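The values are calculated or read from the model by the stated rules, or taken from the named source; none is laboratory data. Only a predicted model underlies this, so the values are computations on that prediction, with no experimental measurement involved. Glycine also receives a Cβ, built like all others from the backbone with ideal geometry; neighbour counts cover every protein chain displayed.
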Amino acid sequence: MFEHTEHSRLLVEPGWSEFAHLFGGVFFEATTDLEASTSEAPFPRRFGTGFWEWLAEHPTQRAAFDAAMAGERNRPAERLAALEWRDGEVVVDVGGGNGALLVELIQRRPELRGIVLDLPETVRDEAELGDRIEFVPGSFFDSVPEGDAYVLSGILHDWPDEDAARILRTMRAAAPAHARLLINESVIRPGNDADGAKWLDLLMLVLAGGRERDEEQWRELLEAAGWEPVRFPDGGPIEARPR
């Protein structure tokens, strides 16, 4: 008789088999050039183009990446749903992939409406979004729709500070004065204890020159882009308001 272990059982959960595919393939290959002195993403040197451009040129890998990013959304959706919301608020998921996070959120808070902004080539089934979520194709470097709340879930750590600030400034230009920004990302804690965010920091560097950030770095990034940090709760989204 055979049965799953705690770890292998993860592979039957949404997105985890795609993560395994990526980590055993392109992610692993990209890390082979990582050295102690690495300060810029080695991905372009090995693959001949940037990570995002490479995904656009490889539809199968792009589909696996989108599925992995859409995987486990219950936990972040529950954290967002636990916040205070007003009836009819519009939540814009910037770089929201196939909309899985907003689907989970609106199942819990049906009084909300949602907009998913992502690249046109994003693999998605718009029928699954229902009648309260709209998909808007576009780049978060160019423009974002107006909304009452903006969600960035695992987006800014993909980019170095200059590009992350561009994304935040684009959002600030669209945000009304009452809007709020909700960021589902790691906050690296002080000290030298083991932390998954520190390992993820290396992967972000390898793929796209991105990074994880501590609280001070988050504050500097947000304030420079026109946002006022409000909260850094343990296990919850970073919250900011327009300055």
Test set (1) at pLDDT 95 or above; (2) more than 20 Å from the chain's Cα centre (by Cα); (3) part of a helix (DSSP H, G or I) - A127 fails condition number: (1)
Selected residue (criterion: surrounded by the fewest Cβ atoms within 10 Å (Cβ to Cβ)) from residues of segment 101-152 that are in contact (Cβ under 8 Å) with a residue 40 or more places away in the chain and of a type in the set (F, W, Y): F140
Answer residue from segment 167-186, given it is hydrophobic (A, V, I, L, M, F, W, C) and part of a helix (DSSP H, G or I) and is surrounded by the fewest Cβ atoms within 10 Å (Cβ to Cβ) among those: A173
Segment 187-219: number of residues that are under 13 Å from A164 (Cα atoms) and assigned to a strand (DSSP E or B): 1
V12 being under 25 Å from E128 (Cα atoms) and outside the structural domain of A100 (by TED's automatic domain parsing): yes
Segment 21-53, residues that are closer than 23 Å to E121 by Cβ, surrounded by 11 or more Cβ atoms within 10 Å (Cβ to Cβ) and either small (G, A, S) or in contact (Cβ under 8 Å) with a residue 24 or more places away in the chain (or both): H21, L22, G25, V26, F27, A30, A41, F43, G50, F51, W52
Candidate set from segment 151-164 (those that are touching a helix residue (DSSP H, G or I) at 6+ places or on another chain (Cβ under 6 Å) and among the small types (G, A, S)); member that is modelled with the highest pLDDT: A164
